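Some notes on the structure that comes next.
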Amino acid sequence: MSIAIVRAEDSYNGTKRVLELIKNEIYEKVGGRERFLIKPNFVSTYTYLSATPRETVEALLEFIHSTFNVSEIIIAESPAMGSAWEGFKNYGYYELKKRFGDIEFADLDDYDYKEIELVDEYGKTFRVPISSIILDNRYVRISPCRAKTHDTVIVTLSIKNIVVGSIRRGYKSRIHRGYYTINYAIAKIATYIMPDLGIVDGVEAMEGNGPVAGDPKRWGVVFASINPVNLDIAVSYGMGFDPHDIGYLYLLANWGYGELDLSKMRIVGESLESIRTKFKPHSTYRDQLSWKRFLAMR
């Protein structure tokens with residue numbers, strides 16, 4: 001499974017090119033499925049830099065239609081701030097309907113849900129409700145997002161996008177029980193709803209106090225892979241971070257879902273070293289590393 005990396009001046013062309021690099025791998029991953037669920041990232045429905053650019057999803061839709069037999073495409077979200085419908089409107093997603101008439105828009109909270117049991121860093125169990133459509137393996141799950149720093153888990157990329165968005169509104173705060181617990185919760189939930197394809201748009205990324213109040217960083221890179229754990233590990237390294245410091249990626253890799261050794265990854269397109277930069281971390285970055293203290297208790 002490859003990590004595709006391209007340099008790009010804009011999200012639309014960057015996404016088109018990066019998907020073509022791993023087209024055969026995506027085709028094999030999709031198999032005979034004809035239903036697609038696209039989960040963009042709208043942390044806030046009023047802060048453009050916090051959201052997945054519409055152009056990224058437009059290029060993705062072109063790729064889907066030109067490559068697969070399609071019976072259904074749903075673009076669905078459950079934002080932390082604002083409603084899905086506000087996000088679709090404010091970020092121009094309804095314009096996609098003019099080109100792709102067969103797409104549907106949905107709020108993930110409008111579906112039934114299933115509760116997943118988790119354990120916090122002190123051994124206390126708790127449950128979070130996950131949208132049932134995200135759990136439905138008949139759909140090809142796709143997680144396109146913008147590369148951003150984060151206030152509790154260092155970076156938010158393709159896995160965190162789909163995990164936190166799948167939790168019903170009003171219950172997302174349940175996983176915020178300390179730095180270890182939120183990393184563990186993200187990793188554990190991801191094992192139930194791992195994306196089939198992840199896309200990380202770093203053309204215009206966010207650094208500093210993300211995922212909403214950070215600053216723009218013009219990086220000019222787009223990544224994609226059918227292994228979102230490896231994808232997010234590679235992107236976090238490209239952002240200048242040590243993937244071993246990112247709890248949920250560390251856990252998922254140690255559970256067998258990915259590879260922390262970058263030398264064992266197959267990179268196509270640009271090399272990781274050639275695009276590596278330095279993102280300014282969140283102001284709480286040092287505190288976020290405290291998740292490691294709880295590893296010995298597991």
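Observations, loosely collected:
- In the context of the full set of protein chains, the chain has a per residue accessible area of 39 Å² (1.4 Å probe).
- Cut-off under 5 Å, modelled amide H: who pairs with Y113 long-range: S132
- Under 5 Å from the amide H of V268 lie the amide H atoms of I3, A4, I5, each residue being 5 or more positions distant or on a separate chain, with H modelled from the backbone and absent for Pro and chain starts.
- Sum of -39500 (n - 2.57) over DSSP H runs of 4+, divided by residues of the chain (222 nm, nearest 500): -9000 deg cm²/dmol
- Local electrostatic count, I142, Cβ distance below 12 Å [Lys/Arg +1, Asp/Glu -1]: +4
- Relative packing of peptides 92-102, 173-183 - highest average C-beta neighbours within 10 Å first: 173-183, 92-102
- Region 1-150, accessible surface, carbon-and-sulfur percent (1.4 angstrom probe): 45 percent
- Calculated FRET efficiency, T284 to T191, Cβ-Cβ distance, R0 = 25 Å: about 0.40 to the nearest 0.05.
- Distance between the C-alpha centres of region 235-275 and region 68-143: 26 Å, rounded to the whole angstrom.
- Proximal lysine pairs, region 28-165, alpha carbons under 23 Å, eight or more residues apart or interchain: 15
- Fully extended contour minus Cα-Cα distance, from R35 to V268, at 0.36 nm per residue: 81.1 nm
- For region 168-295, the number of Lys pairs separated by eight or more positions or lying on different chains, with C-alpha atoms closer than 20 Å, is 4.
- A simple rule links phi to the HN-Hα coupling: the Karplus curve 6.51 cos²θ - 1.76 cosθ + 1.60 with θ = phi - 60°, which for region 100-117 gives 10, x, 8, 7, 10, 10, 8, 9, 4, 6, 7, 9, 5, 9, 10, 8, 10, 8 Hz, with x for Gly and Pro.
- Distance (nanometres) between label positions extended 7 Å along Cα→Cβ at E117 and W85: 3.7 nm
- For the pair K292 and K98, the difference between a 0.36 nm per residue extended length and the Cα-Cα distance amounts to 65.0 nm.
- Surface composition of region 185-298: carbon plus sulfur atoms hold 46% of the accessible area, using a 1.4 angstrom probe and ignoring ligands, DNA and RNA.
- The Cβ shell under 11 Å around N227 holds other residues with a net charge of -2, Lys and Arg each +1, Asp and Glu each -1.
- Under the criterion of Cα pairs below 8 Å and six or more residues apart, the relative contact order for the chain equals 24 percent.
- From the coordinates of this entry, P(r) over Cα pairs in 10 Å bins from 0, in percent is computed, and it appears in (1) 6, 22, 20, 18, 16, 11, 5, 1; (2) 7, 31, 39, 20, 3, 0; (3) 6, 27, 29, 20, 13, 4, 0 under the label (2).
- Residue order by solvent-accessible surface for W291, W85 is W85, W291, largest first, with ligands and nucleic acids left out and a 1.4 Å probe.
The values are calculated or read from the model by the stated rules, or taken from the named source; none is laboratory data. All figures in this text were calculated on a predicted structure; none of them were measured in a lab. Using ideal geometry, Cβ is built from the backbone for each residue, glycine included, and neighbour counts are taken over all protein chains shown. With ligands, DNA and RNA removed, areas are computed over all heavy atoms of the protein, side chains included. Shrake-Rupley method; radii C 1.70, N 1.55, O 1.52, S 1.80 Å.
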